[in-house]
């Protein structure tokens with residue numbers, strides 16, 4: 001049994017991880033700006049003020065770091081871009097300093113990252129953990145985020161970074177947005193690759209990284225079978241009970257509505273999960289049909 005401290009624990013993925021860890025006998029606490037509001041055991045922190053309850057780090061046997069502003073929630077103004085970047089780097093810097101001065105430090109640090117590292121569009125080529133980074137805004141954010149996490153590794157903690165793809169869950173994330181219209185359709189050409197992962201498999205990866213003492217470094221947190229935007233949308237529509245039309249939403253309309261953010265949905269990545277599979281992780285939902293059937297059961 002371990003005591004696990006989670007940042008971003010109240011989010012969609014954080015709650016799923018919390019439930020899974022507790023079902024396996026671990027004790028979970030969140031870092032929160034308002035601990036009294038949570039039913040979950042919580043310690044106070046405030047990233048803007050660079051404050052953290054000094055008891056939090058000493059309490060934890062391991063830390064799971066999920067905190068960061070959502071990248072698709074608001075239009076990318078200069079102010080929003082700054083918030084997306086600093087919410088990740090400043091929160092990690094706060095944890096790093098707290099670890100440095102704590103009389104007792106955790107043994108493991110498992111951090112979220114993102115497949116945005118590889119750039120908005122890598123076309124049809126398979127991408128692995130050694131592939132080059134992209135040159136766009138999100139790629140620069142992920143690189144800065146990962147660099148800040150690597151400083152925690154320098155403190156002697158076993159450190160794992162999970163580059164998360166498109167999370168399949170009907171209650172949040174990209175899938176919820178895709179299924180909002182009364183009639184669903186591909187975005188742009190629909191041929192762009194979507195490297196997806198069922199939310200239960202993602203939570204399972206965090207548990208695996210926490211419990212597997214040989215796990216270290218960077219792993220792609222995606223399923224083994226990426227799908228095109230058109231095929232994913234069509235299968236999701238079938239299980240969600242929504243009409244599907246094969247005529248794609250025009251790229252110019254998406255660019256007009258979303259601005260720079262449109263690149264996220266018009267581009268894509270065909271990412272392999274071979275590394276984490278070879279390290280011993282077993283997927284519960286490796287196939288798209290089975291994953292989406294379970295999501296909408």
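The values are calculated or read from the model by the stated rules, or taken from the named source; none is laboratory data. Owing to the predicted nature of the structure, the values given are computational and were not obtained by experimental measurement. Using ideal geometry, Cβ is built from the backbone for each residue, glycine included, and neighbour counts are taken over all protein chains shown.
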Exercise for the section: Can you run down the residue pairs with Cβ atoms below 8 Å, 6 or more apart or on separate chains, where the first is in the stretch 9-31 and on the phi > 0 side of the Ramachandran plot and the partner is surrounded by fewer than 22 Cβ atoms within 10 Å (Cβ to Cβ)? Expected result: 25/1
Exercise for the section: Determine which single condition residue 75 fails, assuming it passes every other condition in (1) modelled with pLDDT under 95; (2) surrounded by 15 or more Cβ atoms within 10 Å (Cβ to Cβ); (3) touching a helix residue (DSSP H, G or I) at 6+ places or on another chain (Cβ under 9 Å). Expected result: (2)
Handout entry: Every residue from the stretch 119-141 that is closer than 15 Å to residue 196 by Cα and in contact with a strand residue (DSSP E or B) (Cβ under 6 Å, 6 or more places away or on another chain)
Key = 126, 127
Handout entry: Lone qualifier among 290, 248 - being in contact (Cβ under 8 Å) with a residue 40 or more places away in the chain and either surrounded by fewer than 16 Cβ atoms within 10 Å (Cβ to Cβ) or in contact with a strand residue (DSSP E or B) (Cβ under 8 Å, 6 or more places away or on another chain) (or both)
Key = 248
Exercise for the section: State whether one or more residues within the stretch 155-169 are farther than 19 Å from residue 219 by Cα, assigned to a loop (DSSP other than H, G, I, E, B) and within 16 Å of the chain's Cα centre (by Cα). Expected result: yes
Exercise for the section: Take the stretch 224-238 and flag every residue that is surrounded by fewer than 17 Cβ atoms within 10 Å (Cβ to Cβ) and free of Cβ contacts under 8 Å to residues at least 60 places away in the same chain. Expected result: 231, 238
Problem - Every residue from the stretch 3-42 that is under 19 Å from residue 69 (Cβ atoms) and part of a strand (DSSP E or B) - result: 6, 7, 30, 31, 32
Exercise for the section: Could you list, in sequence order, all residues of the stretch 268-282 that are surrounded by 20 or more Cβ atoms within 10 Å (Cβ to Cβ) and assigned to a loop (DSSP other than H, G, I, E, B)? Expected result: 268, 269, 273
Exercise for the section: For residues that are within 25 Å of residue 79 (Cβ to Cβ) and touching a helix residue (DSSP H, G or I) at 6+ places or on another chain (Cβ under 7 Å), scanning just the stretch 147-166, find the one that is surrounded by the most Cβ atoms within 10 Å (Cβ to Cβ). Expected result: 149
Practice task
Select from the stretch 84-117 the residues that are in contact with a helix residue (DSSP H, G or I) (Cβ under 8 Å, 6 or more places away or on another chain), assigned to a helix (DSSP H, G or I) and within 30 Å of residue 132 (Cα to Cα) and list them in ascending order.
Solution key: 84, 85, 88, 89, 92, 93, 95, 96, 116, 117
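Regarding the stretch 184-199, can at least one residue be identified that is in a helix (DSSP H, G or I) and under 30 Å from residue 103 (Cβ atoms)?
Of the residues in the stretch 184-199, the ones in a helix (DSSP H, G or I) are 199.
From what is left, the residues that are under 30 Å from residue 103 (Cβ atoms) are none.
No, that holds for no residue.
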Exercise for the section: Can you confirm whether the stretch 226-242 contains a residue that is in contact with a helix residue (DSSP H, G or I) (Cβ under 7 Å, 6 or more places away or on another chain), assigned to a loop (DSSP other than H, G, I, E, B) and modelled with pLDDT of 95 or more? Expected result: no
Problem - Pick from the stretch 167-180, criterion closer than 19 Å to residue 262 by Cα and touching a residue at least 40 places away in the same chain (Cβ under 8 Å), ranking: surrounded by the fewest Cβ atoms within 10 Å (Cβ to Cβ) - result: 177
Completion exercise
When the stretch 43-58 is checked residue by residue, the ones that are in a helix (DSSP H, G or I) and buried (at least 17 other Cβ atoms within 10 Å of the Cβ) are 56, 57
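Could you say which residue among 50, 3, 40 is in contact (Cβ under 8 Å) with a residue 12 or more places away in the chain and at positive phi?
Testing whether each residue is in contact (Cβ under 8 Å) with a residue 12 or more places away in the chain and at positive phi leaves just 50.
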